[in-house]
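Quick notes on the structure that follows.
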Amino acid sequence: MDYLLTPFHYDYMVKAILVSGLIGGVCACLSCFVTLKGWSLMGDALSHAIVPGVSIAYLVGLPFALGAFVSGIVAAVCMGFIKSRTRIREDAVIGIVFTTFFAAGVLMISVFPSNINLKSIVFGNILGIADADIVQMVVISTVTLLVVCLKWKDLLLHSFDPNQARAIGLNVGVLQVTLLTLLAATSVAALQAVGACLVVAMLVTPGATAYLLTDRFSKMMFIATGMGVGTSVVGAYASYFLNGSTGGCIVVLQTSIFLLTLLLAPRHGLIASRLAARASVARFRQRAASRHPAIPEAVRS
Amino acid sequence: MTESHSQIDLTVSDVTVAYSNGHVALHDASFSLKPGTICALVGINGSGKSTLFKAIMGFVRPVRGSVRIAGQPVKTAHKKNWVAYVPQSEDVDWSFPVSVWDVVLMGRYGYMNFLRMPSAHDKQRATESLERVKMSEFKDRQIGELSGGQKKRVFLARALAQEGRIILLDEPFTGVDVKTEGTIIELLRELRDDGHIILVSTHNLGTVPEFCDQVVIINQTVLAWGATETTFTEENLSLAFGGALRHLRLDHTDVPGSNRNEILVLTDDEGALVVRPNGSKQAPVGKSSEKL
């Protein structure tokens, strides 16, 4: 028992567990919109595109969240611009822009040595997180949660039917920018917890898992958020014993839950759909048999 | 509230829409509709039907000309919830995790507070709208679990709940069985009698004379508009569709030289329009089975 409680004797572990839980929850909350809007690639792009901002911010001594945020938004604007002005498809545009930004960031960090470590940006370093960074993350998370809680219905309508949103006089542009901004800000916050490479997992997996489990958006939000918080807390805790990467632990845990759900989900899981298909074939045969009793069994089956 | 029940007219004057790639989708389109009409918007694919819809919805800004609703710009009209929209089935993500009830309530968002909490009145309106399209028993279904006709009725209920005075329907009869088509037409007639303006974009030429009193025929511009009897003619349709329309003249007469029994069938691959020599038009009896 004492052994299981050892992580809680270390201040840095307690912080890491709490911060991971918070960030995991916020990411999961947004992941519902990300999966339904088809923005998974966008999330991936944003989380990579913030890296040059982080390095510039450190070089000139600004808060890293500010730099990251600005560079995320610049990347989103670039993507929007290229997509609307050229014939290149969206996935290619996203691919080009985010790798360019990421490369620029990696280059800057390696050319101008500073106190930031490339590894901690790419893979996260929640155990060594500074108190000032925790404050930033808490602020970002609180604002994001507040906006989502207050405006989730508008965001939902915007994701489901932007035309209707516009027809009843909602400002669709503002909603779109709000969602993108929240996404960028959350990516910044999650960067420290799991690193640029794994942020997208936190922004997609919980939403995708919850989507398999329910047909109601509000339930989907609860399931996703619960899963985000749970896996992040447990993942961070387990990383102490495994002596492994916190981000890795969290994401592996999320993926295992996703796989289990994929298999066992009551209606949209693989097994359930297989059974449902089999049942309806059986019903069809039964009906056919009652209608044409003269047809021999061999022909019917 | 009194305003939303007043009579509202729609005026489209000299609307020209060009997209950023330089394509002019619509030029100098003009027509106007009075309250209490069902108007069909007829034209081939790419004739600018959806662009015209977008202009009325305010999604595209005309480079020239204007759309006015009760004399107001579209933006004001939207703020007042005057314009309701029933999307084409293909434009809806049917696997989205929302129920029938959720969708109908979305029509009330414009009346709700900052948090979009439905009031008792909002709920009552939504319930009434669902009853009106006979979908109450499907209230809690996820929208993907409905048949084609039921799906259409849900979105119609949303438009009803919104209490829009102008209702735009994009291809309402695609993927809908004949019975539902009848229900929808019946409902549209009731709404017309309440003073609504209903603008229906359709490929189903056969049903147009059956329930539309006005027609707007377009191909990059408005070719003709006005009352169905005078505007929905073979000449105007040929003008709009050119060779794009199946055009069959059937004659099973025993009297050579007489066109007494000749019938003309015009079809855009959906409901066919049947014209008798005396000019009377008939709706087809069936739907897809009648495809020629």
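The values are calculated or read from the model by the stated rules, or taken from the named source; none is laboratory data. Quantities reported herein were computed from a predicted structural model and do not represent experimental measurements. So basically every Cβ, Gly included, is an ideal-geometry build from the backbone, and we count neighbours across all protein chains shown.
Below are the figures for this structure:
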{"read-out": "Unique residue being more than 14 Å from every other protein chain (Cβ to nearest Cβ), more than 17 Å from A:ALA193 (Cα to Cα), under 18 Å from the mean Cα position of the chain (by Cα) and of a type in the set (Val, Ile, Thr) when the list is A:ILE56, A:ILE94", "value": "A:ILE94"}
{"read-out": "Answer from B:VAL208, B:VAL216 - the residue that is over 24 Å from B:ALA18 (Cβ atoms) and of a type outside the set (Gly, Ala, Ser)", "value": "B:VAL208"}
{"read-out": "Candidates B:ILE143, B:ILE166 - the one that is of a type in the set (Val, Ile, Thr), buried (at least 22 other Cβ atoms within 10 Å of the Cβ), more than 30 Å from B:ALA70 (Cβ to Cβ) and within 11 Å of chain A (Cβ to nearest Cβ)", "value": "B:ILE143"}
{"read-out": "Residue selected from the range B:78-91 under the condition assigned to a loop (DSSP other than H, G, I, E, B) and at the interface with chain A (Cβ under 7 Å from one of its Cβ atoms), by the criterion nearest to the chain's Cα centre (by Cα)", "value": "B:PRO87"}
{"read-out": "The range A:127-155 - residue that is in contact with a Lys or Arg (Cβ under 8 Å, 6 or more places away or on another chain) and within 16 Å of A:PHE64 (Cα to Cα) and, of those, nearest to the other protein chains (Cβ to nearest Cβ)", "value": "A:ILE134"}
{"read-out": "Options B:ILE185, B:ILE166: the member that is touching a residue at least 40 places away in the same chain (Cβ under 8 Å) and under 15 Å from the mean Cα position of the chain (by Cα)", "value": "B:ILE166"}
{"read-out": "Pairs where the first residue, in the range A:142-157, is in contact (Cβ under 8 Å) with a residue 60 or more places away in the chain and the second is in a helix (DSSP H, G or I) and of a type in the set (S, T, N, Q), C-beta under 7 Å, 6+ apart", "value": "A:THR144/A:THR186"}
{"read-out": "Among (1) closer than 21 Å to A:PHE217 by Cα; (2) in the same structural domain as B:ASN204 (by TED's automatic domain parsing) - the single one B:LYS123 does not satisfy", "value": "(2)"}
{"read-out": "Qualifying position, being closer than 26 Å to A:PRO162 by Cβ and part of a helix (DSSP H, G or I), among A:ALA92, A:ALA65, A:ALA104, A:ALA57", "value": "A:ALA92"}
{"read-out": "Of all residues in the range B:108-126 being surrounded by 19 or more Cβ atoms within 10 Å (Cβ to Cβ), at the interface with chain A (Cβ under 8 Å from one of its Cβ atoms) and not charged (D, E, K, R), the one that is nearest to A:ASP154 (Cα to Cα)", "value": "B:TYR109"}
{"read-out": "Near pairs, Cβ below 9 angstrom, 6+ apart or cross-chain, from the range B:212-237 (among the polar types (S, T, N, Q)) to any residue that is in a helix (DSSP H, G or I)", "value": "B:GLN214/B:THR228; B:GLN214/B:THR231; B:ASN219/B:LEU239; B:ASN219/B:ALA240; B:ASN219/B:PHE241; B:ASN219/B:GLY242; B:THR228/B:VAL208; B:THR228/B:PRO209"}
{"read-out": "Hey, B:ILE69 within 14 Å of chain A (Cβ to nearest Cβ), of a type outside the set (D, E, K, R) and surrounded by 17 or more Cβ atoms within 10 Å (Cβ to Cβ) or not", "value": "yes"}
{"read-out": "A:LEU212 within 14 Å of chain B (Cβ to nearest Cβ) and under 30 Å from A:ALA265 (Cα atoms)", "value": "yes"}
{"read-out": "Complete set of residues in the range B:41-58 that are assigned to a loop (DSSP other than H, G, I, E, B), surrounded by 18 or more Cβ atoms within 10 Å (Cβ to Cβ) and either within 13 Å of chain A (Cβ to nearest Cβ) or of a type in the set (S, T, N, Q) (or both)", "value": "B:SER47, B:GLY58"}
{"read-out": "Boolean, B:VAL154 is more than 19 Å from the chain's Cα centre (by Cα), surrounded by 23 or more Cβ atoms within 10 Å (Cβ to Cβ), in a helix (DSSP H, G or I) and not charged (D, E, K, R)", "value": "no"}
{"read-out": "Lone qualifier among A:GLY95, A:GLY105, A:GLY128 - being small (Gly, Ala, Ser) and loosely packed, with under 15 Cβ neighbours inside 10 Å", "value": "A:GLY128"}
{"read-out": "Inter-residue pairs, beta-carbon under 9 Å, first outside the structural domain of B:VAL215 (by TED's automatic domain parsing) and in the range B:16-31, second small (Gly, Ala, Ser) and surrounded by 13 or more Cβ atoms within 10 Å (Cβ to Cβ), 6+ apart", "value": "none"}
{"read-out": "Of residues in the range A:199-216 being crowded, with 24+ Cβ neighbours inside 10 Å and in contact (Cβ under 8 Å) with a residue 60 or more places away in the chain, the one farthest from A:ALA49 (Cα to Cα)", "value": "A:ALA210"}
{"read-out": "Test: residue in the range A:33-44 that is among the aromatic types (Phe, Trp, Tyr) and not in a helix (DSSP H, G or I)", "value": "yes"}
{"read-out": "Condition met for B:VAL208 (out of contact with any Ser or Thr (no Cβ under 9 Å at 6 or more places or on another chain), aliphatic (A, V, I, L, M) and crowded, with 18+ Cβ neighbours inside 10 Å)", "value": "no"}
{"read-out": "Number of the exception - B:LEU115 against (1) part of a helix (DSSP H, G or I); (2) modelled with pLDDT under 90; (3) outside the structural domain of B:THR221 (by TED's automatic domain parsing)", "value": "(1)"}
{"read-out": "Residue among B:THR202, B:THR180 that is closer than 21 Å to B:GLN150 by Cα and at pLDDT below 85", "value": "B:THR180"}
{"read-out": "Sole exception among (1) touching a helix residue (DSSP H, G or I) at 6+ places or on another chain (Cβ under 6 Å); (2) surrounded by fewer than 22 Cβ atoms within 10 Å (Cβ to Cβ); (3) among the small types (Gly, Ala, Ser); (4) under 30 Å from B:TRP101 (Cα atoms) for B:GLY182, by number", "value": "(1)"}
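Every residue, every condition in (1) buried (at least 24 other Cβ atoms within 10 Å of the Cβ); (2) among the small types (Gly, Ala, Ser); (3) more than 26 Å from A:VAL93 (Cβ to Cβ); (4) in contact (Cβ under 8 Å) with a residue 24 or more places away in the chain, yes or no:
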residue	(1), (2), (3), (4)
A:VAL14	no, no, yes, no
A:LYS37	no, no, no, yes
A:LEU41	no, no, no, yes
A:SER47	yes, yes, no, yes
A:SER55	yes, yes, no, yes
A:VAL60	no, no, yes, no
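One line per residue, one yes/no per condition, for (1) buried (at least 23 other Cβ atoms within 10 Å of the Cβ); (2) among the aliphatic types (A, V, I, L, M); (3) outside any helix (DSSP H, G or I); (4) touching a Cys at 6+ places or on another chain (Cβ under 9 Å):
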site	(1), (2), (3), (4)
A:THR178	no, no, no, no
A:ALA196	yes, yes, yes, no
A:PHE222	no, no, no, no
A:VAL229	no, yes, no, no
A:VAL233	no, yes, no, no
A:SER239	yes, no, no, yes
